[in-house]
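Mind having a look at this structure? Questions to follow.
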Amino acid sequence: MKMCAQDIEFTLIRSERKTADIVIERSGDVVVRAPIGVEDEKIREVVADRALWVHRSLAEWEDLNASRKHRPLVQGQGFAYLGRSYRLKFVPDSDVPLRLKNGRWELSEAFVAREGEPAARKAFRDFYIAKGLQIFSERVQQLAVLVGVEPGEVAVKELGYHWASCGAGGAINFHWKTLMAPQSVIDYIVVHELCHLRHRDHSDAFWNEVDKVLPRFRERKEWLRLNGAAMDI
């Protein structure tokens with residue numbers, strides 16, 4: 001539901017929660033999550049009271065995303081994996097379109113010539129998805145014990161402007177781009193979603209739960225905020 005308070009346009013999402021929460025999504029959209037019973041006018045007052053914070057956050061988002069663009073697929077270009085940048089090397093041909101070998105991305109020239117650049121970029125996504133499914137499945141199971149929850153199925157896919165999401169039955173989805181982040185940040189994303197199996201909002205109780213497992217989670221959260229826009233191919 002689209003609403004407006006002063007000059008701030010936002011999307012309102014109502015759910016079974018106790019408090020209202022305002023977030024700036026990775027897309028730059030302002031989203032307000034609020035309890036079902038709260039009147040529209042009260043929600044507008046909450047947004048108006050935090051108007052200065054919203055405008056500052058939107059200005060910061062614009063600064064962080066000003067340089068967002070695809071990296072060219074050229075020899076020597078760096079692409080990140082688990083927090084480290086690896087240079088791209090073209091090889092004449094290969095039994096697979098793309099592999100990470102000897103500290104280099106090896107991309108088949110024959111594959112690119114035959115299938116085109118979009119297919120080459122998809123080869124990167126397929127690599128992250130395949131590796132991510134193994135990494136996230138392992139970390140979800142290990143960290144779920146610390147959170148005290150029983151997660152469902154794990155998937156790695158395209159999630160638009162979300163790093164991760166929780167689904168029905170405790171299913172957890174992760175964006176393939178998260179595989180560009182360091183392992184410590186990946187663990188933060190995992191713990192974040194696992195704690196949402198206990199608390200669906202971003203209340204103090206939720207963040208306290210995150211803090212129990214990752215006492216220095218704020219550093220990892222800040223890394224993601226500052227570097228998230230650059231995590232692209």
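The values are calculated or read from the model by the stated rules, or taken from the named source; none is laboratory data. None of these values were measured; they are calculated from a predicted model. Neighbour counts run over all protein chains shown; Cβ positions are idealised from the backbone, glycine included. These accessible areas exclude ligands, DNA and RNA; they are computed on the full protein's heavy atoms, side chains included. Shrake-Rupley method; radii C 1.70, N 1.55, O 1.52, S 1.80 Å.
Out of the residues in segment 209-220 that are in contact with a helix residue (DSSP H, G or I) (Cβ under 6 Å, 6 or more places away or on another chain) and of a type in the set (D, E, K, R), state the one that is least open to solvent (accessible area, probe 1.4 Å). Spell out how you get there, then give the answer.
Taking segment 209-220 and keeping what is in contact with a helix residue (DSSP H, G or I) (Cβ under 6 Å, 6 or more places away or on another chain), we get 209-210, 213-214, 217, 220.
Checking which are of a type in the set (D, E, K, R) leaves us with 209, 220.
On the way: Glu209: 28, Arg220: 61 Å².
By that ranking, first place goes to Glu209.
A quick yes/no check of all residues on (1) of a type outside the set (A, V, I, L, M, F, W, C); (2) more than 30 Å from Val74 (Cα to Cα):
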site	(1), (2)
Ser137	yes, yes
Gly152	yes, yes
Thr178	yes, no
Trp207	no, yes
Val213	no, yes
Arg216	yes, yes
Trp223	no, no
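Here is a follow-up. Out of all the residues in segment 99-118, which are surrounded by fewer than 20 Cβ atoms within 10 Å (Cβ to Cβ), under 20 Å from Tyr86 (Cβ atoms) and either touching a Phe, Trp or Tyr at 6+ places or on another chain (Cβ under 8 Å) or in contact (Cβ under 8 Å) with a residue 12 or more places away in the chain (or both)? Show your work before the answer.
Start the filter on segment 99-118 by keeping residues that are surrounded by fewer than 20 Cβ atoms within 10 Å (Cβ to Cβ), which leaves 99-104, 106, 109-118.
Restricting the remaining residues to those that are under 20 Å from Tyr86 (Cβ atoms) gives 99-104, 106, 109, 111-112, 117.
Of everything in segment 99-118, those that are surrounded by fewer than 20 Cβ atoms within 10 Å (Cβ to Cβ), under 20 Å from Tyr86 (Cβ atoms) and either touching a Phe, Trp or Tyr at 6+ places or on another chain (Cβ under 8 Å) or in contact (Cβ under 8 Å) with a residue 12 or more places away in the chain (or both) turn out to be Arg99, Leu100, Gly103, Arg104, Glu106, Glu109, Phe111, Val112, Glu117.
Which number in (1) open to solvent by less than 90 Å² (accessible area, probe 1.4 Å); (2) within 21 Å of Ala164 (Cα to Cα) marks the one condition that Pro35 misses?
Failing condition for Pro35: (2).
I want to confirm something. Restricting to segment 1-19 and keeping residues that are over 16 Å from Ala51 (Cα atoms) and polar (S, T, N, Q), which single residue is surrounded by the most Cβ atoms within 10 Å (Cβ to Cβ)? Steps first, please.
Start the filter on segment 1-19 by keeping residues that are over 16 Å from Ala51 (Cα atoms), which leaves 1-2, 13-19.
From what is left, the residues that are polar (S, T, N, Q) are 15, 19.
Details: Ser15: 10, Thr19: 14.
Only one residue tops the list, namely Thr19.
Taking segment 194-208 as the region of interest, how many residues are among the acidic types (Asp, Glu) and either open to solvent by 50 Å² or more (accessible area, probe 1.4 Å) or in contact with a helix residue (DSSP H, G or I) (Cβ under 7 Å, 6 or more places away or on another chain) (or both)?
The qualifying residues number 1.
Is it the case that some residue within segment 66-81 is more than 29 Å from Leu226 (Cβ to Cβ), open to solvent by 30 Å² or more (accessible area, probe 1.4 Å) and out of contact with any Gly (no Cβ under 9 Å at 6 or more places or on another chain)?
The answer is no; no qualifying residue exists.
If you check Ala229 against the conditions, is it within 24 Å of Leu73 (Cα to Cα) and in contact with a Leu (Cβ under 6 Å, 6 or more places away or on another chain)?
When the stated conditions are applied, Ala229 passes them.
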